[in-house]
Amino acid sequence: NFLNNALNEVERYESEQQANSNNNNTNNLDGHVRLLATITRRVARRPPSSDRRLVGTCLANASMGQSMNLLANPDMAQTLLGNNAELRERNMGRIAAIVFDFSFHRRNHNNNNNMQQQHQYPRSVFSDPIAMEQLCAVVAANAVSTGPTAVRSLVSDWIVPSIDSLPPLAVVAIVSHIAVEAAGKGCPAGTKDVVSSLVPSVFKAAIGPILIDALRESDERGYDSMVDATAGSDTSGGGGGNIEHRTAALALRALESWCKADSIGAVKLRDIFASTNINILEAIADALYSNAEVLIDAVSDLIETLLQHDAKGANVTLGISIAGSVMNNCLPPGLANQLMLAQQITGENEKSRNAILSELVSAVGLQ
């Protein structure tokens with residue numbers, strides 16, 4: 001009820017401000033909506049079963065001070081529990097509608113018509129990049145806490161089929177936070193397996209295309225893009241840069257989160273995109289040429305994560321090589337052949353890792 005009423009109050013206040021053409025400033029609400037999103041995310045992390053237990057405890061406590069025992073009537077108790085679950089679903093659906101609303105993802109143009117565009121499309125507090133990402137995190141946290149079936153449904157039934165009709169920033173923010181939430185110790189059993197099974201579709205259909213488009217659009221905007229980044233298009237503390245920079249950075253963050261969740265290194269990442277027309281390593285190298293700090297930070301963290309997983313692969317290669325040199329003469333023919341095959345595979349992976357590393361080092365040097 002608190003969340004529902006709070007959202008109603010925010011929308012009511014914005015409507016009143018927009019009706020008054022002389023006072024169209026909603027910046028004073030930014031902090032309130034960010035705090036509201038933070039609180040809601042903590043609530044969304046609570047599984048529905050825990051919600052029911054919590055509401056049941058509240059009913060029991062309320063009954064102790066009432067002449068009527070709320071738990072004495074099983075039908076009434078189930079009705080109250082059902083009403084709470086329905087209210088949670090309604091509020092989460094309302095937040096999902098907000099994050100997937102294109103009107104909250106409009107680009108802030110920095111040109112002569114800027115004042116006219118701001119008058120035509122008044123800024124909403126939900127357009128604040130920090131609040132928007134936190135609301136996307138609410139959607140992801142609710143899906144993960146509900147269970148692996150909800151995660152698969154959100155990704156496979158909603159996001160991937162509708163990828164062309166959804167705001168790119170919202171998509172990459174949600175999938176990024178799904179991987180982050182799924183890595184937590186308290187996530188429901190089976191969630192990590194579902195996340196691993198969704199890696200190919202999420203990478204190929206969502207993160208990869210969005211990253212490529214965001215990098216290309218930020219390049220095409222050229223000087224105006226950097227003017228937006230330095231002239232205050234993001235004055236709310238969202239990390240600087242325009243919407244293309246933020247989208248590309250979130251896509252890189254999403255790649256990093258999913259690579260961490262499924263232990264994906266540079267070689268495996270390249271192989272996942274091998275069946276597409278996306279050269280993901282070239283895209284990562286292109287991101288290194290950006291002048292946007294938020295983008296450089298994101299791509300640096302991604303490269304560090306990939307190299308950490310590749311270092312583990314290099315240790316495996318070294319271990320197999322040592323085992324082969326020590327045990328090759330004393331193994332049965334069948335095991336010897338398997339060890340030789342393992343050496344060949346790990347040797348090829350090592351060559352690929354070295355080639356990828358050289359390419360990334362060259363990109364860093366050119367940057």
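The values are calculated or read from the model by the stated rules, or taken from the named source; none is laboratory data. Just so it is clear, the model here is predicted, and its values are computed rather than measured. For neighbour counting, all protein chains shown are included, and Cβ atoms are generated from backbone atoms with ideal geometry for every residue, glycine included. What goes into the accessible areas is simple: the full protein's heavy atoms, side chains included, and nothing from ligands, DNA or RNA. Shrake-Rupley method; radii C 1.70, N 1.55, O 1.52, S 1.80 Å.
Could you look through segment 48-69, keep only residues that are part of a helix (DSSP H, G or I) and among the hydrophobic types (A, V, I, L, M, F, W, C), and pick out the one that is modelled with the lowest pLDDT? Steps first, please.
If we filter segment 48-69 for residues that are part of a helix (DSSP H, G or I), which is where we start, we get 48-64.
Next, from what is left, pick out any that are among the hydrophobic types (A, V, I, L, M, F, W, C): 54-55, 58-60, 62, 64.
On the way: L54: 87, V55: 84, C58: 82, L59: 79, A60: 80, A62: 75, M64: 72.
The extreme case among them is M64.
Specify which of the listed residues (R106, R45, R90, R41) is basic (K, R), closer than 20 Å to P129 by Cβ and either modelled with pLDDT of 80 or more or over 32 Å from the mean Cα position of the chain (by Cα) (or both). Before the answer, list the steps.
On the way: R106 fails: either modelled with pLDDT of 80 or more or over 32 Å from the mean Cα position of the chain (by Cα) (or both); R45 fails: closer than 20 Å to P129 by Cβ; R90 fails: closer than 20 Å to P129 by Cβ.
Being basic (K, R), closer than 20 Å to P129 by Cβ and either modelled with pLDDT of 80 or more or over 32 Å from the mean Cα position of the chain (by Cα) (or both) holds for just one of R106, R45, R90, R41, which is R41.
If I filter segment 184-205 down to residues being surrounded by fewer than 24 Cβ atoms within 10 Å (Cβ to Cβ), over 17 Å from F273 (Cβ atoms) and among the aliphatic types (A, V, I, L, M), which single residue comes out as nearest to the chain's Cα centre (by Cα)?
Among those that are surrounded by fewer than 24 Cβ atoms within 10 Å (Cβ to Cβ), over 17 Å from F273 (Cβ atoms) and among the aliphatic types (A, V, I, L, M), it is V194.
Testing Q117 on (1) assigned to a helix (DSSP H, G or I); (2) modelled with pLDDT of 70 or more, one condition comes back false. Which one is that?
(2)
Across segment 238-281, what is the total count of residues that are part of a loop (DSSP other than H, G, I, E, B), touching a residue at least 40 places away in the same chain (Cβ under 8 Å) and open to solvent by 40 Å² or more (accessible area, probe 1.4 Å)? Working first, answer last.
Of all residues in segment 238-281, those part of a loop (DSSP other than H, G, I, E, B) come to 238-242, 263-265, 276-279.
When the remaining residues are screened for being touching a residue at least 40 places away in the same chain (Cβ under 8 Å), the result is 238-242, 263-265, 276, 278.
Still in the running and open to solvent by 40 Å² or more (accessible area, probe 1.4 Å): 239, 263, 276.
The total comes to 3.
With more than 18 Å from R216 (Cβ to Cβ), modelled with pLDDT of 55 or more and surrounded by 12 or more Cβ atoms within 10 Å (Cβ to Cβ) as the only criterion, which of I284, I320, I296, I303 stands out? Working first, answer last.
On the way: I284 fails: more than 18 Å from R216 (Cβ to Cβ); I320 fails: modelled with pLDDT of 55 or more; I296 fails: more than 18 Å from R216 (Cβ to Cβ).
Of the residues listed, the single one that is more than 18 Å from R216 (Cβ to Cβ), modelled with pLDDT of 55 or more and surrounded by 12 or more Cβ atoms within 10 Å (Cβ to Cβ) is I303.
Looking at segment 161-183 only, could you name the residues that are farther than 15 Å from A251 by Cβ, in contact (Cβ under 8 Å) with a residue 24 or more places away in the chain and open to solvent by 10 Å² or more (accessible area, probe 1.4 Å)? Talk me through it step by step, then tell me what you get.
Initial filter on segment 161-183 (farther than 15 Å from A251 by Cβ): 161-162, 164-165, 181-183.
When the remaining residues are screened for being in contact (Cβ under 8 Å) with a residue 24 or more places away in the chain, the result is 181-183.
E181, A183, listed by residue number.
Tell me the residue from I207, I130 that is in a helix (DSSP H, G or I), of a type in the set (A, V, I, L, M) and at pLDDT 95 or above, please. Let's see the steps before the verdict.
On the way: I130 fails: at pLDDT 95 or above.
Of I207, I130, the one residue that is in a helix (DSSP H, G or I), of a type in the set (A, V, I, L, M) and at pLDDT 95 or above is I207.
I'd like the full set of residues that are of a type outside the set (V, I, T) and in contact with an Asp or Glu (Cβ under 8 Å, 6 or more places away or on another chain), limited to segment 144-168.
S145, P148, P167, P168
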